[in-house]
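Structure first, then comments.
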């Protein structure tokens, strides 16, 4: 692999994450609509890309081809729900004053950091070098923007309100009731259990927030997925 290709290998993951994303204006006639979220389309090609990425992860874990196929099929509703949530978070970000500017600054800092670590002086130099390798910096920015947006909305609207207080007694009770969650912790470790509790609280709070966003949105789903997603969209 050429030096330049190695240098920008990190880009492949970012580009892969955004392949298949289309807006309502960009959707092709031969690309079926899986869902609409406040009018924004989630296309079949986008779902196909998510499924492909998931298959790679499962295969790398040692699953057989049959097991991979079964697991992907079983998780279709979860994958579609994740795509719906992503659209809602991006839409929400646009309504929070100043957030888009913060996200753009974070994206540019990341791009410039990669440029400097690659021995380049600017993002323009990075873009030029990437073009020589057939890579698209704009696609990378899009992927980074999506990731930063989701994180920023959660941080602004959920995490900041999270109760960070966990007493020693609460941690011990949680540990005793959830030993199966700590297979590598034969003895009570307050710090690690406290961290686990906070992670669980954050996940629950974020899910409640997403439920709230979904309840206020106009979401339609293709007939073949409607039943499986009904419990999440009502």
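The values are calculated or read from the model by the stated rules, or taken from the named source; none is laboratory data. None of these values were measured; they are calculated from a predicted model. Counting neighbours? That spans all protein chains shown, and the Cβs are built from the backbone with ideal geometry, glycine included.
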Taking the range 58-78 as the region of interest, how many residues are exposed (fewer than 12 other Cβ atoms within 10 Å of the Cβ) and in a helix (DSSP H, G or I)? 5
Residues located in the range 39-51, provided they are closer than 26 Å to residue 206 by Cβ and either in a helix (DSSP H, G or I) or touching a helix residue (DSSP H, G or I) at 6+ places or on another chain (Cβ under 6 Å) (or both): 40, 42, 46, 47, 49, 50, 51
Find all pairs meeting these conditions: Cβ atoms under 8 angstrom apart; at least six residues apart or on different chains; first residue within the range 162-173 and in contact (Cβ under 8 Å) with a residue 40 or more places away in the chain; second residue surrounded by 12 or more Cβ atoms within 10 Å (Cβ to Cβ) and outside any loop (DSSP other than H, G, I, E, B). 162/198; 162/201; 162/202; 162/205
Selection within the range 105-125 - in contact with a helix residue (DSSP H, G or I) (Cβ under 7 Å, 6 or more places away or on another chain) and either in contact (Cβ under 8 Å) with a residue 40 or more places away in the chain or within 22 Å of residue 158 (Cβ to Cβ) (or both): 106, 107, 114, 118
From the list 88, 137, which one is surrounded by 17 or more Cβ atoms within 10 Å (Cβ to Cβ), within 27 Å of residue 219 (Cα to Cα) and in contact with a helix residue (DSSP H, G or I) (Cβ under 7 Å, 6 or more places away or on another chain)? 88
Yes or no: the range 21-35 includes at least one residue that is assigned to a helix (DSSP H, G or I) and modelled with pLDDT under 95. no
Before we move on, is residue 41 under 15 Å from residue 86 (Cα atoms), at pLDDT below 95 and surrounded by 12 or more Cβ atoms within 10 Å (Cβ to Cβ)? no
(1) in contact (Cβ under 8 Å) with a residue 24 or more places away in the chain; (2) in a helix (DSSP H, G or I); (3) over 17 Å from the mean Cα position of the chain (by Cα); (4) surrounded by 18 or more Cβ atoms within 10 Å (Cβ to Cβ): which one isn't true of residue 102, the others all being true? (4)
Do you know which of the residues in the range 171-189 that are surrounded by fewer than 14 Cβ atoms within 10 Å (Cβ to Cβ) and in a helix (DSSP H, G or I) is nearest to the chain's Cα centre (by Cα)? 181
Just one of 153, 218, 158 is exposed (fewer than 14 other Cβ atoms within 10 Å of the Cβ), at pLDDT 95 or above and either over 20 Å from the mean Cα position of the chain (by Cα) or under 25 Å from residue 97 (Cα atoms) (or both); which is it? 218
